1. So which pairs qualify, if the first residue must be in region 126-140 and under 14 Å from Phe152 (Cβ atoms), the second must be in a helix (DSSP H, G or I) and not hydrophobic (A, V, I, L, M, F, W, C), the Cβ gap must be under 7 Å, and the two must be at least 6 apart or on different chains?
2. Taking region 100-145 on its own, how many of its residues are in contact with a helix residue (DSSP H, G or I) (Cβ under 8 Å, 6 or more places away or on another chain), of a type in the set (A, V, I, L, M) and more than 23 Å from Val83 (Cβ to Cβ)?
3. Just one of Tyr161, Tyr124, Tyr142 is among the aromatic types (Phe, Trp, Tyr), assigned to a strand (DSSP E or B) and either surrounded by 16 or more Cβ atoms within 10 Å (Cβ to Cβ) or modelled with pLDDT of 90 or more (or both); which is it?
4. Could you give me the residue pairs with C-beta distances under 8 Å whose first residue belongs to region 98-119 and is more than 22 Å from Val166 (Cα to Cα), whose second residue is surrounded by fewer than 17 Cβ atoms within 10 Å (Cβ to Cβ) and of a type in the set (S, T, N, Q) wherever it lies, and which are 6+ apart or on separate chains?
5. Suppose we filter Lys112, Lys69 for residues that are within 15 Å of Val6 (Cα to Cα), out of contact with any Ser or Thr (no Cβ under 9 Å at 6 or more places or on another chain) and not hydrophobic (A, V, I, L, M, F, W, C); which single one remains?
6. Look at region 46-79 and say how many of its residues are free of Cβ contacts under 8 Å to residues at least 40 places away in the same chain, surrounded by 13 or more Cβ atoms within 10 Å (Cβ to Cβ) and β-branched (Val, Ile, Thr).
7. Could you go through region 43-52 and let me know if any residue there is part of a loop (DSSP other than H, G, I, E, B), over 18 Å from Ser100 (Cα atoms), at pLDDT 50 or above and under 15 Å from the mean Cα position of the chain (by Cα).
8. If Tyr147 meets every condition in (1) crowded, with 18+ Cβ neighbours inside 10 Å; (2) in contact (Cβ under 8 Å) with a residue 24 or more places away in the chain apart from one, which number is that one?
Amino acid sequence: MKKYSVLENQEFKFREIKRKDYNLIKKWYKNSNEAESISNNSNKRISPRKWYKDYKKDSDLVIYIIEEKNIYCMPIGAVILRVIDENNVELGGYVIGESSAKKQGYGIKVMKLVQKIIFNKLGYKYSYLKVNSSNRPAVETYIKCGYKINSFIEKNNQDMYIMRAVNRTCT
């Protein structure tokens, strides 16, 4: 995946993750009720150095820190993207993790910017994501941002939707 060090608009700056961000993201995902681990070995402790080294080796993965530029002027969340193939990218997750920034309408704004990055900047045709079917706020946010429920699976004894968005300029 082509990795941009910084992407921004008037409200947000997306910057690629740095090793020093590990503990911040870990805290956000730990406090998130829909959290999935940022490491594939969620039961094992992993050092930030090793985690970051492994991340940098994975050319199909990019993690952006979301910095809010107007009110908080600090990191408020993160977005994880993974390439599936030349036409498809998976939104591996996003979190508005900073407690003061939650329930401020950032979810939809961030997702709309993520869509612009996936479709306009990176040029993918489709974006996929998995979401717990009981997480109504997330499902509603994704629907508002153009995702549709594509299929239903069970993962780790959780009912999940696989949702898909289409780049309308490519179809």
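1. So the pair list comes out as Leu129/Tyr142; Val131/Tyr142.
2. Counting residues in region 100-145 that are in contact with a helix residue (DSSP H, G or I) (Cβ under 8 Å, 6 or more places away or on another chain), of a type in the set (A, V, I, L, M) and more than 23 Å from Val83 (Cβ to Cβ) gives 1.
3. After applying the criteria, what remains is Tyr161.
4. Filtered contacts from region 98-119: Ser99/Asn31.
5. Just one listed residue meets the conditions, Lys69.
6. 2
7. Among the residues of region 43-52, not one is part of a loop (DSSP other than H, G, I, E, B), over 18 Å from Ser100 (Cα atoms), at pLDDT 50 or above and under 15 Å from the mean Cα position of the chain (by Cα), which makes the answer no.
8. In the conditions (1) crowded, with 18+ Cβ neighbours inside 10 Å; (2) in contact (Cβ under 8 Å) with a residue 24 or more places away in the chain, Tyr147 misses (2) alone.
The values are calculated or read from the model by the stated rules, or taken from the named source; none is laboratory data. Model, not experiment: these values are computed from the prediction. Glycine gets a Cβ as well: all are built from the backbone with ideal geometry, and neighbour counts include every protein chain shown.
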